[in-house]
């Protein structure tokens, strides 16, 4: 287990080949370092729970600040310059992490926006379908009313009243006598 801890501490937080996208160490790399092909994520989690790329960065940053014992015989100005440099390096690393997080936040916001839009569209689609159905029902009711009114008018008429010919034409048609043929 100590070999695994040592291997974890020798990983490079800046090397993407050592880490998954979630910031966890790649098991195959650790297995190669300790000489165990059967190493699993469970073993690593037991040895170092919550260990990841960011954890290692913090450990290394703390150890760099502690290791840099500035000799006391140096001038206070040099000591301040070294400390400012170290803090600047730490800030640069934190800014890089912040940029990565900002990208992830932006991606998550875009995804949420797309999902919210899709959800609203689905809600509106149901409303639109209901409106369309109501319009169709209204049209059907109007047609039924017109048919009923038409049937009421037509039902009162006799066949003679429906004849489109004038009264004169009707009387001539009723008294029709055969005409002599011309030869």
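Computed quantities for the displayed model
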quantity: Residue within region 107-117 that is at pLDDT below 80 and over 24 Å from residue 15 (Cα atoms) present; calculated: no
quantity: Unmet requirement for residue 35, which otherwise passes all of (1) more than 21 Å from residue 15 (Cα to Cα); (2) exposed (fewer than 10 other Cβ atoms within 10 Å of the Cβ); (3) modelled with pLDDT of 85 or more; calculated: (1)
quantity: Residue under evaluation residue 158, criteria (1) part of a helix (DSSP H, G or I); (2) over 24 Å from the mean Cα position of the chain (by Cα), criterion not met; calculated: (1)
quantity: Residue check for residue 144: farther than 30 Å from residue 57 by Cα, surrounded by 10 or more Cβ atoms within 10 Å (Cβ to Cβ) and modelled with pLDDT of 90 or more; calculated: yes
quantity: Positions within region 1-32 being closer than 13 Å to residue 53 by Cα and loosely packed, with under 14 Cβ neighbours inside 10 Å, in sequence order; calculated: 9, 10, 12, 14, 15, 16, 17, 20, 21, 22
quantity: Filtered residue count, region 83-120, keeping only those that are surrounded by 11 or more Cβ atoms within 10 Å (Cβ to Cβ) and more than 30 Å from residue 21 (Cβ to Cβ); calculated: 2
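The values are calculated or read from the model by the stated rules, or taken from the named source; none is laboratory data. Not measured: the values here are computed from a predicted model. Please note: Cβ atoms are built from the backbone with ideal geometry, for glycine as well, and neighbour counts cover all protein chains shown.
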